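The values are calculated or read from the model by the stated rules, or taken from the named source; none is laboratory data. Bear in mind that the values here come from a model prediction, so they are computed numbers and not experimental data. Here the Cβ positions follow ideal geometry from the backbone for every residue, glycine too, while neighbour counts run over all protein chains shown. Just so you know, the surface numbers come from the protein's heavy atoms only, side chains and all, with ligands and any DNA or RNA stripped out. Shrake-Rupley method; radii C 1.70, N 1.55, O 1.52, S 1.80 Å.
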Amino acid sequence: MTKHIFITGGVVSSLGKGLTSAALGMVLESRGLKVALQKFDPYLNVDPGTMSPYQHGEVYVTDDGAETDLDLGHYERFTTTTTNRDSNFTTGQIYNAVLSKERRGDFLGGTVQVIPHITNEIKDSVRRPAVEGVDVVLTEIGGVIGDIESLPFLEAIRQMPHDVGHENVLFIHLTLVPFIRAAGEMKTKPTQHSVGKLREIGIQPDILICRTEKPMTDEMIDKISLFCNVEKSAVIEELDLAKPYLVYELPCVFIDQGLDDIILEKLHLDCPEPAIGAWLQMLDRLRNPSREVEIAVIGKYIDHQDAYKSIYEALTHGGTANDTRVIVRRVEAEEAEKKGAEKLLAGVGGVLVPGGFGSRGIEGKIQSIRYARENNIPFLGICLGLQCAVIEFARNVCGLDKANSMEFDVNTPHPVICYMDEQLRVTDMGGTMRLGSYPCHLTEGSLAQRAYAQANVHERHRHRLEFNNSFRDVFQEKGMAFSGLSPNDKLVEIVELQGHPWYVAGQFHPEFKSRALQPHPLFRDFIAASLRHTQAEKKSPERKQSGKSVAV
Ligand code: GLN
């Protein structure tokens, strides 16, 4: 019988429910269990694919092509699970499914209601990852207790113990214990209220995870335990972490407090002791790296914490693989356009141009790639990053001055990046892209093939445009190699530059497949090359080392 753990959040949003769920997943995997993770989002959009990165952060893409919430990225980075369509449901999707059934006549003329129709649909979605072989499904409920939006989800999970047995369901509530500076005290009242609200709906949490700025005293734990009706040992502290990259310490924070044992006991599971050797080694490299490298990320949503989440995490993983701390210099693409890339990029070890949509900042990205190409700085281009690299090469090396992507200029005389399929331009904006995992064949001996140490790989895509094949010959003549192609040779997946120390751009998103214990090979080799570049620069003092003053 698959067990279910539900993770709810209280008091405020942004407590890190996604990270906490991911860390719990890792903790359970360390005890030999097979887990699946999923998230329910209480908004009406059918998926986050068309939502602004400013509002929603990164859109995470699964192998089967679902455009999902970025928390799924945490799930994959912390565990060995691979998420899919059943890993993320929004209110919009749930209603969509129920309304389609109603239109088809599936309810035989009955009145369609939130309870039981919407709640049944939610419960079906909760059960979907509970397939053969999965021991525990962890389900994160988005939003904050008290929101109107999340009520149907809470009602549905309240019913779960009745459906599958009390011994098979566990409720974990993540809450905040704030420190009130003026009083010099931490307060448990918001937690009491939040749990009170949960109990009003009929959910008694089994475990409380308390986000705190300072360690909790024994008296506070006693108080929370008493007022919230949760055993003292099940009141777990989650102290703020000193640095963002230390999120990978979370599983150990939980194991140190015996959270894994509490969960196993409550779910009547008998498991081996935690096996966390590899995780601890990774943490050691993360905490005490012997080197440092600075990587510039030139993006359009650069001041938004979460818009390039998977990229930043993949850079961290690439760093640990090289025993290196990666410092990210966030460069606003429009700034690079206005001030000049050479000013903003001076001194960096490597240049990364991530994916994106729309024309804002494009010229800054193109300038940055030119700077990396001409100065032999390692370059990693991702999706739009590849497309900008192709435009830059066309304009400045192939002599196609007006080269552009059809996304930015449909009438360009040199459409080096074009729509894969004219159909894709005229249909509605939702789900019209090449989405999900596709195979790619690598050229023997190329940088990409050496990184992957494989001839065939699968990577995740999210784009409408591609390299225009009518320009392949001229590009090859001028030194651009197409080192990754779709198996039928029709689509360019990876480009490299002959004579450059490390220049790789992919039409896909390698960042989505990088995990804490399995750094992505392209990120690993990009960091290694950036380290070599940094060390070479240090050895030749005549080369400029300015730019350190630039805001990071
Ligand atoms: N806008 C480009 C396209 O649709 C690139 C997309 C991306 O970077 N994910 O092809």
- Task: Evaluate the Kirkwood expression for the hydrodynamic radius of the stretch 241-293, namely the inverse of the mean inverse distance over all pairs of different C-alpha atoms, and round to one decimal in Å.
- Result: 12.9
- Query: Hull surface divided by four, with the convex hull built on the Cα atoms of the stretch 68-197: how many nm²?
  - Reply: 11.0
- All aspartates and glutamates inside 18 Å of residue 338 as judged from Cα atoms, apart from same-chain residues fewer than 8 positions distant: 303, 363, 392
- For peptides 99-105, 114-120, 463-469, sequence by mean Cβ density within 10 Å, most packed first: 463-469, 114-120, 99-105
- Message: Percent of Cα-Cα pairs more than 13 Å apart in the stretch 60-108, please.
- Response: 62
- With no solvent and one equal point scatterer per Cα, compute the Debye intensity ratio I(q)/I(0) for the stretch 165-299 at 0.12, 0.20 Å⁻¹ and report its log10, rounded to two decimals. -0.61, -1.21
- Just the number, please: carbon plus sulfur as a percent of the accessible area of the stretch 189-295, 1.4 Å probe, no ligands or DNA/RNA counted. 49
- Message: Taking a ≥ b ≥ c as the square roots of the Cα gyration tensor eigenvalues, with a/c under 1.5 meaning rounded and otherwise prolate when a/b beats b/c, else oblate, which class fits the stretch 175-219?
- Response: prolate
- Note on the structure: Taking every alpha carbon pair in the stretch 263-338 and sorting the distances into 5 angstrom bins from 0 up to the bin holding the longest one, the percent per bin comes out as 3, 13, 17, 14, 13, 11, 9, 8, 5, 3, 1, 1, 0
- Message: Could you work out what % of the accessible surface of the stretch 1-79 is carbon and sulfur, using a 1.4 angstrom probe and leaving DNA, RNA and ligands out of the count?
- Response: 53
- A 1.4 Å probe over the protein heavy atoms gives the stretch 464-511 a carbon and sulfur accessible-area percentage of 47
- Using alpha-carbon pairs under 8 Å, 6+ residues apart, how would you state the relative contact order of the chain in percent? 15
- Roughly how many nanometres apart are two label points built 7 Å out from the Cα toward the Cβ at residue 455 and residue 285? 2.9
- Compute the semi-axes of the equivalent ellipsoid of the stretch 360-486, taking the square root of 5 times each eigenvalue of the Cα gyration tensor, and list them largest first in whole Å. 22, 21, 14
- With every protein chain in place, the accessible area of residue 34 for a 1.4 Å probe, in Å² rounded to the nearest 10, comes to 100
- Too-long pairs where the Cα-Cα distance tops 32 Å, listed order kept, from 339/490; 309/343; 214/513: 339/490; 214/513
- Query: Rolling a 1.4 angstrom probe over the protein heavy atoms, how many square angstrom per residue are accessible across the chain?
  - Reply: 41
- Message: So if the hydrodynamic radius of the stretch 327-387 is defined as the Kirkwood radius over C-alpha pairs, what does Stokes-Einstein give as its diffusion coefficient at 4 °C and 1.567 mPa s, in µm² per second?
- Response: 114
- To the nearest 20 debye, the chain has a Cα-centred charge dipole, built from +1 on Lys and Arg Cβ and -1 on Asp and Glu Cβ, of 1300
- Query: What do you get when you divide the Cα radius of gyration of the chain by 2.2 N^0.38 Å, with N the number of residues?
  - Reply: 1.03
- If you project the alpha carbons of the stretch 24-124 onto the principal axes, what extent comes out on each, in Å, largest first? 49, 35, 21
- Whole-angstrom gap from the stretch 167-242 to the stretch 310-346, using each part's C-alpha centre: 38
- Check: the stretch 222-341 dipole with +1 on Lys, Arg Cβ and -1 on Asp, Glu Cβ, in debye: 560
- Query: If ligands, DNA and RNA are left out, what is the accessible area of residue 71 with a 1.4 Å probe, given in Å² to the nearest 10?
  - Reply: 20
- Message: Given a 1.4 Å probe and heavy atoms of the protein chains only, how would you sort 43, 452, largest accessible area at the top?
- Response: 43, 452
- How much mean residue ellipticity at 222 nm does the chain get from its helices, if each DSSP H run of length 4 or more adds -39500 (n - 2.57) and you divide by all residues, to the nearest 500 deg cm²/dmol? -10500 deg cm²/dmol
- Item | Where 486, 290 fall by accessible area, highest first, once all protein chains stay in place (1.4 Å) | 290, 486
- Task: Round to the nearest 10 and report in Å² the accessible area of residue 256, as given by a 1.4 Å probe over the protein chains' heavy atoms.
- Result: 130
- Do you know the relative contact order of the stretch 52-198, to the nearest whole percent, from alpha carbon pairs under 8 angstrom that are 6+ apart? 13
- Message: Let me check something: with ligands and nucleic acids excluded, how do 329, 395, 532 order by accessible area (1.4 Å probe), largest to smallest?
- Response: 532, 395, 329
- Task: Normalising by the residue count of the stretch 166-228, find the relative contact order in percent from Cα pairs under 8 Å and 6+ residues apart.
- Result: 43
